[in-house]
Amino acid sequence: MEPGTDVVAEAVRRIAAGDREAVSPLVELVDRLRAEAALVDGLHSVGRRLTSQLDIDRIVQDATDSATKATGAAFGAFFYNLVDQFGESYTLYTLSGVPREAFSRFPMPRNTEIFAPTFDGVRTVRSDDITRDPGFGKNPPYRGMPEGHLPVRSYLAVPVLSPTSGKVLGGFFFGHAEPGRFTERHEYLAEGIAGYSAIALDNARLYERERTLVAELSRSMLPEVPGIPGLRIITRYLPAATGTNVGGDWFDVIRLPSGRTAFVIGDVVGHGVPAATVMGQTRTAIRAYALLELRPSELLLRVSQLTEPGFVTCFYAVHDPEDHSLTYANAGHLPAVLRHPDGRIDQVGEALAPPLGVGSAFAEERTGFPPGSDLLLYTDGLVESPARDITLGIERLLGAFAAYGDRLGDAAAWDDLIEEITHNRHDDDIAVIHVQHTTGGEE
């Protein structure tokens, strides 16, 4: 029989018999069920919010704030462990209800008799008055809380355990100056939020590991840009600063046997290890064909025939120092930007052919590239984001490219331009090649 069924049945029988007082227990039951439903809905709402995030700092602060509010604590803290790049574990904490200065001069809590059940992941601890607990004050050379600590009588602590590994990820601690403030209901809410926090932290750490792996894989494939007489070349690769779209963008600068120079930029649709793997395969194929001095149109055709059906864009351009020209072909990539010696700016190579793996013919064009000219190749992470239309992004880039002028021969100016356009919130990788044709000499 479902909980409350007997109460409902008895109330219905008495109401049928004309007993008006029977309504009161039924109303109380309905109110109690509504309160429980609201409790569950609120907990699930917090859980959905936590598990939809991938930033560890945001997760732990949101969880601490939510749990502190749900338990009615005067203040709450979440102590959690991170592992740095050297494999060393260190403890961080977040606070809610009080300023960080309230705890900044205290050391991290030790694994004392009071804290051990939480840090060891053994159980939840709830006390109406922690100062009366038999284990309180047994942490020589200290006796109880350090001088200046906020007063704590009511105490609630909940371990946060990884659902995949079972390891202790951290612990929530809540306090109140008055005794008897935490109930079973508060304990239930705190444990529920701790469970959701554990799932969110596991997801965030898995994402961060993959993101780091892909970023390092992508960086390891970046070429060492050769010095080319008469050309000043600046390149940039920035993995996605936000979101999950790391891996897939690349650039290359290839010095050809004939003395020409090939400039390549491309983007594999997708992200993560699969995109980085396709990027590496495509880059290797282009390098091999480039050294055979194939024309841009033929090179893209050969690479397209090797590419699995998918979506890989690529702009391939060859600079000939003999006649100061650029010959290029574009497989579905954004157009290049060409600034002429008189300051006029054009976009070249727009919509010449479909992406690699899709297109079966790649048109080729040729333009002058005399001293005083600039060439810019870039990927869409520079100009597009969920909050910014790509057309407006390109307009902003062209405006900045014109405004910066010759300053873009300085690598630091490119850092400034990228920050100005993206505000360091790019949701996709950014790859850039900027080529200035100088008056001569090796740059």
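The values are calculated or read from the model by the stated rules, or taken from the named source; none is laboratory data. This is a predicted model, so every value here is computed, not measured. Side chains are part of the model used for accessible areas, which takes the heavy atoms of the whole protein and leaves out ligands, DNA and RNA. Shrake-Rupley method; radii C 1.70, N 1.55, O 1.52, S 1.80 Å.
Before moving on, here are some points about what is shown:
- Per residue accessible area of the range 258-373, 1.4 Å probe, in Å²: 42 Å²
- Accessible area in square angstrom per residue, the range 380-443, 1.4 angstrom probe: 47 Å²
- For the range 317-437, diffusion coefficient by Stokes-Einstein and Kirkwood Rh (Cα), 20 °C, 1.002 mPa s, µm²/s: 141 µm²/s
- Per residue, the range 125-208 exposes 50 Å² of accessible surface when a 1.4 Å probe is rolled over the protein heavy atoms with every protein chain present.
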